[in-house]
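The numbers here are math on the coordinates, done by the rules we state, and not lab data. Just so it is clear, the model here is predicted, and its values are computed rather than measured. A quick note on method: Cβ atoms are made from the backbone with ideal geometry, for glycine too, and the neighbour counts reach across all protein chains shown.
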Amino acid sequence: MNLERKKKAQQVGLLGRFMAKLPSSCPLLYPLYLAARLDTKEETYASSLWPREFDGFKIAYVSDIHYGSLLGEKRVRELADRVNALHADIVLLGGDYGEHSDGALEFFQLKPGFRANIAVLGSFGNHDRTLPEENVDRIARAMRQDGVIPVLNDAYMLQRNGKKIAFASTDDFYNGTPKLEKVARLCEKADFTIFFPHNPDILPETQKMPRGLFYQLAICGHTHGGQVAVCGKAIKSSSMYRNRYLSGWFREAGADILVSNGVGTSGLPVRLGARAQINVLTMKTKA
Ligand SMILES: [Fe+2]
């Protein structure tokens, strides 16, 4: 193992790897137990702006898997089975597939096989955008080989009876090169845009754009709900805005925002006050 790879492999830390070997099925080890549980949070999202042509459309959002020493191949396969059983129209993968970009590449090389009625779309997280820079193309290629469409400073459009919806994402806000103006332009003709960048910390940037917001709904991950949170506050926040986008629903500048707790863990295989989750939205047109 070369020095760079060795350094990366040590990112999780000895304590994390030791804890990952403890029995997570034992409720007495509650934070470990909780980290290994996964909720499916199903909700209805109703908006008068959502086109009637897409009434009943089902979106599954899966973020922050963090494949690696804390969450291995068996759990990845179980996760894919569980997501596929939802028969969603679109599956959005929210980024942070591994602990670093080599891990993200290995994740897609496993060919987890996420499936949807229409498309599986993938965003890039800060952990996916660690060096080397060339990994971004390698990951995108591996995604495509597994049937996932990478959405990197891009928008995926769907059209029914002349009505268009867009699913858009930038590159990662912390480690990538997000191109908000380009993404906004791509969404100009959409009747409804769902923006799904990995990190909600990019959202205040969109609020400063001269032509206003280009999306009606944002779906993000990154915060892990704090991973360990007490009374709705993260012990250690991964957001520059601390608890502003910790978990759940928010409304800012006329747009709705959903922040998922995500699936995996980073650093240590523990959760408290922030249950792991996949999110399912059934989109309804409000009369
Ligand atoms: Fe993450």
Exercise for the section: Quick one: which residue in G56, G72 is without any contact (Cβ under 8 Å) to a residue 24 or more places away in the chain and not β-branched (V, I, T)? Expected result: G72
Practice task
Select from segment 87-101 the residues that are away from the ligand (no atom under 16 Å from the Cβ) and crowded, with 17+ Cβ neighbours inside 10 Å and write down the one among them that is farthest from F167 (Cα to Cα).
Solution key: A88
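Only one residue in I202, I194, I149, I139 is within 16 Å of the chain's Cα centre (by Cα), β-branched (V, I, T) and surrounded by fewer than 21 Cβ atoms within 10 Å (Cβ to Cβ). Which one? Quick ask: steps written out before the conclusion?
Numbers: I202 fails: surrounded by fewer than 21 Cβ atoms within 10 Å (Cβ to Cβ); I194 fails: surrounded by fewer than 21 Cβ atoms within 10 Å (Cβ to Cβ); I139 fails: surrounded by fewer than 21 Cβ atoms within 10 Å (Cβ to Cβ).
After ruling out the rest, the residue left standing is I149.
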Problem - Subset of segment 245-266 that is surrounded by fewer than 17 Cβ atoms within 10 Å (Cβ to Cβ) and assigned to a loop (DSSP other than H, G, I, E, B) - its residue that is farthest from the ligand (Cβ to nearest atom) - result: G254
Completion exercise
For segment 118-161, the count of residues that are more than 16 Å from the ligand (Cβ to nearest atom), in contact (Cβ under 8 Å) with a residue 24 or more places away in the chain and either closer than 27 Å to M283 by Cβ or in a helix (DSSP H, G or I) (or both) equals 25
Practice task
Mind telling me which of the residues S266, S239, S260 ends up being of a type in the set (G, A, S), under 16 Å from Y61 (Cα atoms) and within 19 Å of the chain's Cα centre (by Cα)?
Solution key: S260
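Only residues that are touching a residue at least 60 places away in the same chain (Cβ under 8 Å) and either within 13 Å of the ligand (Cβ to nearest atom) or within 21 Å of L49 (Cα to Cα) (or both): list them for segment 198-243, please.
Result: H198, N199, Q216, L217, I219, C220, G221, H222, H224.
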Problem - Where R82 falls short, out of the listed (1) away from the ligand (no atom under 15 Å from the Cβ); (2) touching a strand residue (DSSP E or B) at 6+ places or on another chain (Cβ under 6 Å); (3) within 21 Å of A276 (Cβ to Cβ); (4) not aromatic (F, W, Y) - result: (2)
